[in-house]
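The values are calculated or read from the model by the stated rules, or taken from the named source; none is laboratory data. Here the structure is a predicted model, which means the values were calculated and not measured. Cβ coordinates were reconstructed from backbone atoms using ideal geometry, including for glycine residues, and neighbour counts include every protein chain displayed. Accessible surface areas use protein heavy atoms only, side chains included; no ligands, DNA or RNA. Shrake-Rupley method; radii C 1.70, N 1.55, O 1.52, S 1.80 Å.
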Amino acid sequence: MGIMVESYDAFVIHNEEGKDLEFVQEMARILEGPKYNLRLFLPWRDLQTTDDNETEVLAKIMVQRCRCAVVVISPNLLQSDVTSFLLSFVHSKYPSGRNSKLIPILIENCELPTILQSVTVCDFTKKDMRCWVWPRIASSMRMTQSRSTSGRRQFGPCSTRKSVLPDILH
């Protein structure tokens with residue numbers, strides 16, 4: 001008998017403190033709820049090891065068990081070496097903005113990290129727009145399932161630059 005390995009719709013890269021954590025908890029409540037029924041990988045919740053090679057383990061999970069990555073952007077994002085590594089890792093593996101495997105979500109006005117400046121960003125700084133944007137985020141995550149060429153869930157394209165996320169979000 002083989003071991004069952006959990007797969008996820010998205011790996012969430014974020015600062016694990018303050019407003020960033022509050023936003024991610026809200027995002028998980030909404031996107032993992034019955035309306036969307038998605039599975040998010042949240043390192044602080046889902047990582048089952050405290051190995052010395054944490055970044056290596058997280059990178060492997062991101063590539064092998066998650067279809068895409070969500071990056072929660074705030075001034076606090078790059079304060080952690082782990083989040084800095086994961087953002088650089090996902091960008092180096094999949095640098096194209098056109099078939100991005102990355103869904104960047106801006107939750108607080110700040111300068112974008114250089115590696116995200118060519119990617120379309122979901123602007124969540126306007127709280128009254130969030131209920132309108134959640135369905136589009138969920139749709140971006142689901143697009144990878146229809147594009148998967150094998151039966152196994154894999155880290156694949158989450159969105160195209162403009163067809164999934166409307167111009168109002170830019």
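Points to keep in mind about this one:
- Complete set of residues in the range 1-38 that are crowded, with 21+ Cβ neighbours inside 10 Å and either of a type outside the set (A, V, I, L, M, F, W, C) or outside any helix (DSSP H, G or I) (or both): Tyr8, Asp9, Ala10, Phe11, Val12, Ile13, His14, Asn15, Asp20
- Within the range 39-55, the set of residues being in a loop (DSSP other than H, G, I, E, B), open to solvent by less than 80 Å² (accessible area, probe 1.4 Å) and within 17 Å of Val72 (Cα to Cα) comprises Leu42 only.
- Taken over the range 61-87, the criterion of being in contact with a helix residue (DSSP H, G or I) (Cβ under 8 Å, 6 or more places away or on another chain), of a type outside the set (Val, Ile, Thr), at pLDDT 90 or above and assigned to a helix (DSSP H, G or I) is satisfied by Met62, Leu77, Ser84, Phe85, Leu86, Leu87.
- The condition of being more than 16 Å from the chain's Cα centre (by Cα) and either assigned to a loop (DSSP other than H, G, I, E, B) or modelled with pLDDT under 80 (or both) does not hold for Cys158.
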